[in-house]
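K.L.:
Once you've had a glance at the structure underneath, I'll fire off some questions.
The values are calculated or read from the model by the stated rules, or taken from the named source; none is laboratory data. Not measured: the values here are computed from a predicted model. Virtual Cβ from ideal backbone geometry, glycine too; neighbours counted across all protein chains shown. Heavy atoms of the whole protein, side chains included, go into the accessibility calculation; ligands, DNA and RNA do not. Shrake-Rupley method; radii C 1.70, N 1.55, O 1.52, S 1.80 Å.
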Amino acid sequence: MSLALAAQTTPPGAEADWRSANDAVGQLKRGHADALKWEQANVSPSLPQSPVPVGLKLLTIEDVTRQAWRAHRELVHPLSRLGTANVALIAEGRWTEVDPGLQRRVEGMDELLEVAVLARKAWLQAVATRQALAQYRAALDAAEAARELGQRMVNVGNWSKLKQAQVQLVQSSAQMNLVRAQYAADQAQASLIKTLGLKGQYAHVTLPDALPDVPQQLPPITAWQQQALAIQAQLPEVEGMRHQANFDMALAAYQASHALVKGTRDEVLKLREFISEETLLHYNGMLSSVWDLLDQSRNQSQAVIDAIGAQRDLWISEADLQWVLQGGEPDSFVSLGGGSEAAASAAH
């Protein structure tokens with residue numbers, strides 16, 4: 001690390017051997033990962049992360065659902081009618097275990113479910129944008145390291161200014177992506193606070209570090225289909241047809257989002273990890289350059305960002321599907337766009 005430090009701190013114009021920095025990276029236990037860790041600790045960040053004050057904790061779906069209900073005093077009556085067991089199932093997101101017939105027997109049940117699902121979606125968006133921030137920072141770290149190394153190479157005459165401009169463009173893009181991601185996280189937090197009726201009471205709420213884990217397998221589709229048919233049997237023909245259409249769209253969204261999550265988790269992320277490990281081995285064997293390592297670091301961060309977006313979309317589509325199975329009608333269903341764009345969007 002002392003060699004890398006010398007290469008990073010040598011004044012411009014000095015006869016610094018930039019190759020010593022490359023050699024030093026190969027001597028580190030985790031290669032470029034340790035180098036980037038050093039960069040983060042020693043380079044003044046352009047966007048320091050502000051600590052979130054400890055306040056209201058919304059660490060689970062149950063936390064955010066119950067908090068949303070507190071802002072609606074008119075829901076006291078339907079909550080009392082439902083009973084403790086049903087209220088707990090809804091708060092925990094286990095809606096398929098609740099009798100859908102309650103929608104017609106308990107006045108205010110539809111509003112109770114709508115409040116719960118809107119709060120749940122806002123919470124998922126806030127958690128996802130916050131989780132993605134770390135990956136945008138990692139991508140910027142890699143780009144900053146590449147820019148710094150390129151500048152040292154230009155200073156000793158080993159690189160052209162054209163190549164350095166190309167590397168600097170990547171760094172500038174990573175910087176702007178982080179700005180967008182930070183703004184998206186702030187907006188998502190503000191939207192959650194507004195949805196919960198807490199505007200003016202809290203500027204921030206404490207969220208979990210990551211989205212809930214995704215199940216390996218989908219629940220049996222036949223069970224959902226039977227529940228949908230049971231609801232439709234209680235409705236007039238036109239309403240039943242509308243419910244069937246909503247169910248078909250909700251189920252398609254859930255199946256597609258689950259396929260994307262499975263693809264990113266079981267294929268893309270594993271392949272990215274393999275490529276990063278092999279690139280590091282090749283670098284240590286002098287078969288790859290430090291640029292390859294930094295490129296793989298950025299690619300790995302992007303893959304994780306895409307996976308976070310896919311995971312968020314799955315949970316949102318599940319919320320819509322469970323709502324439809326209780327007779328709800330979402331205004332729209334999840335849009336499965338590009339993962340990087342979705343993860344940095346403040347409004348889903």
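K.L.:
Just to be sure I understand, how many residues within region 156-172 are in contact (Cβ under 8 Å) with a residue 12 or more places away in the chain, open to solvent by 50 Å² or more (accessible area, probe 1.4 Å), in a helix (DSSP H, G or I) and among the polar types (S, T, N, Q)? If you could, list the steps in order and put the result at the bottom.
P.N.:
Quick first cut of region 156-172, residues in contact (Cβ under 8 Å) with a residue 12 or more places away in the chain only: 156, 158, 163-164, 167-168, 170-171.
Of the ones still in play, those that are also open to solvent by 50 Å² or more (accessible area, probe 1.4 Å) are 158, 163, 168, 170.
Still in the list and also in a helix (DSSP H, G or I): 163, 168, 170.
Of the ones still in play, those that are also among the polar types (S, T, N, Q) are 168.
Matching residues across region 156-172 total 1.
K.L.:
Residues to consider are Leu229, Leu235, Leu251; find the one that is hydrophobic (A, V, I, L, M, F, W, C), assigned to a loop (DSSP other than H, G, I, E, B) and closer than 27 Å to Leu325 by Cβ.
P.N.:
On inspection, the qualifying residue turns out to be Leu235.
K.L.:
Okay, next question. Filter region 178-211 down to residues that are at pLDDT below 95, of a type in the set (A, V, I, L, M) and open to solvent by 70 Å² or more (accessible area, probe 1.4 Å), then give me how many there are.
P.N.:
Qualifying residue count, region 178-211: 1.
K.L.:
Which of (1) at pLDDT below 50; (2) surrounded by fewer than 14 Cβ atoms within 10 Å (Cβ to Cβ); (3) part of a helix (DSSP H, G or I); (4) not small (Gly, Ala, Ser) does Lys29 not meet, given it meets every other one?
P.N.:
Lys29 satisfies all of (1) at pLDDT below 50; (2) surrounded by fewer than 14 Cβ atoms within 10 Å (Cβ to Cβ); (3) part of a helix (DSSP H, G or I); (4) not small (Gly, Ala, Ser) except (3).
K.L.:
Further, regarding this structure: Of everything in region 92-120, what is crowded, with 20+ Cβ neighbours inside 10 Å and farther than 23 Å from Gln226 by Cα? Give them in sequence order.
P.N.:
Residues satisfying the conditions are Leu112, Val115, Ala116, Ala119, Arg120.
K.L.:
Filter region 136-161 for residues that are of a type in the set (A, V, I, L, M, F, W, C) and under 35 Å from the mean Cα position of the chain (by Cα); which is farthest from Ser297 (Cα to Cα)?
P.N.:
Applying the filter and picking the extreme gives Leu149.
K.L.:
Would you be able to tell me the number of residues in region 75-88 that are surrounded by 16 or more Cβ atoms within 10 Å (Cβ to Cβ) and not basic (Lys, Arg)?
P.N.:
Going through region 75-88 one residue at a time, the tally reaches 6.
K.L.:
For the structure I just gave you, tell me whether Arg265 is assigned to a helix (DSSP H, G or I) and either over 27 Å from the mean Cα position of the chain (by Cα) or hydroxyl-bearing (Ser, Thr, Tyr) (or both).
P.N.:
So Arg265 does not fit the description; no.
K.L.:
Only residues that are out of contact with any Leu (no Cβ under 7 Å at 6 or more places or on another chain) and open to solvent by 30 Å² or more (accessible area, probe 1.4 Å): list them for region 121-137, please.
P.N.:
Hits for region 121-137 are Lys121, Ala134, Gln135.
K.L.:
Mind checking whether some residue in region 212-227 is open to solvent by 60 Å² or more (accessible area, probe 1.4 Å), farther than 30 Å from Arg70 by Cα, under 24 Å from the mean Cα position of the chain (by Cα) and not charged (D, E, K, R)?
P.N.:
yes
K.L.:
Taking the stated definitions as given, is Glu148 open to solvent by 30 Å² or more (accessible area, probe 1.4 Å), over 19 Å from Leu211 (Cβ atoms) and modelled with pLDDT under 90?
P.N.:
Answer is yes for this residue.
K.L.:
Can you pull out every residue in region 111-155 that is among the basic types (Lys, Arg), more than 22 Å from Ala250 (Cβ to Cβ), out of contact with any Asp or Glu (no Cβ under 9 Å at 6 or more places or on another chain) and in contact (Cβ under 8 Å) with a residue 40 or more places away in the chain?
P.N.:
Arg137, Arg152
K.L.:
Test Val304 against the stated conditions and say whether it is open to solvent by 30 Å² or more (accessible area, probe 1.4 Å), at pLDDT 90 or above and in a helix (DSSP H, G or I).
P.N.:
yes
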